[in-house]
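A.B. asks: There's a structure below that I have some questions on.
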Amino acid sequence: MTRPPGAPLLAVQDLGMTFRGGVRAVDGVGFELDQAETLGLVGESGCGKSTTGRMIVRLLEPTSGGVHLNGRDITHLSQRELLPSRGDLQMIFQDPFSSLNPRQTVRQIISGPRRLLDRRQVVDLLERVGLAAEHADRFPHEFSGGQAQRIGIARALASAPKLVVCDEPVSALDVSIQAQIVNLLADLQAELGLAYLFIAHDLSVVRHMCTRVAVMYLGRIVEIGPVAALYPDPAHPYTRALLSAVPVPDPDIEATRERIVLRGDPPSPAAPPSGCSFHPRCALAQERCQVEEPALREVRGRHVACHFAEQGS
């Protein structure tokens, strides 16, 4: 689908998801993503990052906000209305085996329910992701986890997408295989000009893969900006805590680094704190934080939701 001049590939605006019981899993998330760019979406388990990804690809229906792809609002389109845009938007899942139909061969999985690809096209895709022609007629259980994820990547590429949402694509794999899949994704991006929304909790992988990163806490983005600015100089106290836990290869530096340990556990999305949602765990918190929710504002080349972002850097 042709994109209007000046429009980003993906625009997410004030996106929200409220589940039964009033649980606000995602609250006012917004960002843009351009062609061939990778945005990392990071945060603790339960922060809403996977829910955000699933709303973008329309596996979940947002309860508020909007998703625009190629300048077109796809937020509430029916599956039939979504078809012209569906090929531009694909997803790679965390667990490759749960996302592959065990009763279908690899060729059937990649060619899709409408069997749009012939065998030669399927083999081309398999070879592009590092598999071989003889794998086309095998079933998912015959593969290792890394091979199964390569099949999932080939399936995502089958429609020649412009944007791929990668939902923790390496977290279920052995450490020895993770680097191979990350390098494959980077090579495919360089070759095909793909844009990635890269959802992960491993900040080392995000630093390697992404041009920008958005940090989520309790359903909201608390800091978003270029990797080159945010990693060496995080502005939000939560981002500082996350990055302090990332191992450093140099043992001398690692031995002298201060690890920031957050007090308490993340609050329940069913009963979020008033004001800044991070204030019960924040060393910088003051009375203002308990009553006033901070808006994203520009600080040192990124946007951060913290009243006192200038402190503690």
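Derivation of every value follows stated rules applied to the coordinates shown; laboratory data play no part. Treat the numbers as computed from the prediction; the structure is a model and nothing was measured. Here the Cβ is made from the backbone with ideal geometry for all residues, glycine too, and neighbour counts use every protein chain on show.
A.B. asks: Name the most mobile residue of VAL106, VAL213, VAL246, meaning the one with the largest mean-square fluctuation, in a Gaussian network model of the chain with Cα contacts below 10 Å.
C.D. replies: VAL246
A.B. asks: What percent do you get for the relative contact order of the chain when only Cα pairs under 8 Å and 6+ apart count?
C.D. replies: On the way: 582 pairs, mean separation 61.8, N = 313.
This gives 20 percent for the chain.
A.B. asks: For every helix of n ≥ 4 consecutive DSSP H residues, a contribution of -39,500 (n - 2.57) applies; sum these over the chain, divide by its total residues, and give [θ] at 222 nm rounded to the nearest 500 deg cm²/dmol.
C.D. replies: -8500 deg cm²/dmol
A.B. asks: Quick one: among GLY71, GLY264, GLY21, which has the greatest mean-square fluctuation in a GNM of the chain with alpha-carbon springs under 10 angstrom?
C.D. replies: Of GLY71, GLY264, GLY21, the most mobile in the Gaussian network model is GLY21.
A.B. asks: For the range 234-313, what is the charge dipole size about the Cα centre, in debye to the nearest 20, if Lys and Arg each add +1 at the Cβ and Asp and Glu each add -1 at the Cβ?
C.D. replies: Roughly 100 debye for the range 234-313.
A.B. asks: Going by C-beta contacts inside 10 Å, put PHE198, PHE143, PHE19 in order with the fewest on the left.
C.D. replies: The most exposed by this proxy come first: PHE19, PHE143, PHE198.
A.B. asks: Please build a GNM for the chain, connecting alpha carbons under 10 Å apart, and tell me which residue among ILE224, ILE199, ILE109 fluctuates the most.
C.D. replies: Among ILE224, ILE199, ILE109, the largest GNM mean-square fluctuation belongs to ILE109.
A.B. asks: Same structure, new question: Karplus couplings for the range 267-273 from phi (6.51 cos²θ - 1.76 cosθ + 1.60, θ = phi - 60°), rounded to Hz, Gly and Pro as x?
C.D. replies: Once θ is set to phi - 60°, the couplings for the range 267-273 become x, 6, x, 6, 9, x, x Hz.
A.B. asks: Around SER171, under 13 Å between beta carbons, what's the net of Lys plus Arg minus Asp minus Glu among the other residues?
C.D. replies: Once positives and negatives cancel, what remains is -4.
A.B. asks: I need the phi-derived Karplus couplings for the range 141-153: 6.51 cos²θ - 1.76 cosθ + 1.60, θ = phi - 60°, integer Hz, Gly and Pro marked x.
C.D. replies: 5, 7, 10, 6, x, x, 5, 5, 5, 5, 5, x, 5
A.B. asks: Would you kindly derive the ³J(HN,Hα) couplings of the range 220-236 from the backbone phi angles with the Karplus curve 6.51 cos²θ - 1.76 cosθ + 1.60 (θ = phi - 60°), listing them in order in whole Hz, with x for Gly and Pro?
C.D. replies: Ordered by residue, 3J(HN,Hα) equals 10, 7, 9, 7, 8, x, x, 4, 4, 8, 6, 5, x, 8, x, 9, 8 Hz.
A.B. asks: Could you tell me the distance between the Cα centroids of the range 151-206 and the range 115-146, to the nearest Å?
C.D. replies: Here the answer is 17 Å between Cα centres.
A.B. asks: Using amide H atoms built 1.01 Å from N in the peptide plane, name the residues 5+ places from GLU223, or on other chains, whose amide H lies under 5 Å from its own.
C.D. replies: For GLU223, whose amide H was placed from the backbone, the distant partners under 5 Å are VAL215, ALA305.
A.B. asks: Could you tell me which of LEU188, VAL175, LEU82 has its Cα farthest along the dipole of the range 10-210 towards the positive end, charges placed at Cβ (Lys, Arg +1; Asp, Glu -1), taken about the Cα centre?
C.D. replies: LEU82
A.B. asks: Per 0.36 nm of contour for each residue apart, how much would the distance between ALA36 and SER268 grow if the chain were fully extended, relative to their Cα-Cα spacing?
C.D. replies: 79.9 nm
A.B. asks: Find which of LEU218, SER98, GLN13 sits farthest along the positive direction of the dipole of the chain, computed with +1 on the beta-carbon of Lys and Arg, -1 on that of Asp and Glu, about the Cα centre.
C.D. replies: Farthest towards the positive pole: SER98.
A.B. asks: Using a 7 Å offset from the Cα along the Cα-to-Cβ direction at both ARG20 and GLN180, what is the distance between the two label points in nm, to one decimal?
C.D. replies: Going by the 7 Å Cα→Cβ label model, 4.2 nm.
A.B. asks: Please compute the modelled spin-label separation between ARG119 and ARG300, points set 7 Å along Cα→Cβ, answer in nm with one decimal.
C.D. replies: 5.9 nm
A.B. asks: For the range 260-313 and the range 24-73, write down the distance between their C-alpha centroids in whole Å.
C.D. replies: Here the two parts' Cα centres lie 21 Å apart.
A.B. asks: Moving on to the next point. Antiparallel DSSP bridges in the chain: what percent, to the nearest 5?
C.D. replies: DSSP beta bridges in the chain are roughly 60 percent antiparallel.
A.B. asks: A further question follows. Under a 5 Å amide H to amide H cut-off, with H placed in plane at 1.01 Å, what residues pair with ILE92 once short-range neighbours are removed?
C.D. replies: When sequence neighbours closer than 5 places are left aside, the close amide H contacts are VAL165, CYS166, ASP167.
A.B. asks: Could you work out the relative contact order of the range 112-203, using alpha carbon pairs under 8 angstrom and six or more residues apart, expressed as a whole percent?
C.D. replies: Numbers: 72 pairs, mean separation 25.2, N = 92.
Rounded, it is 27 percent for the range 112-203.
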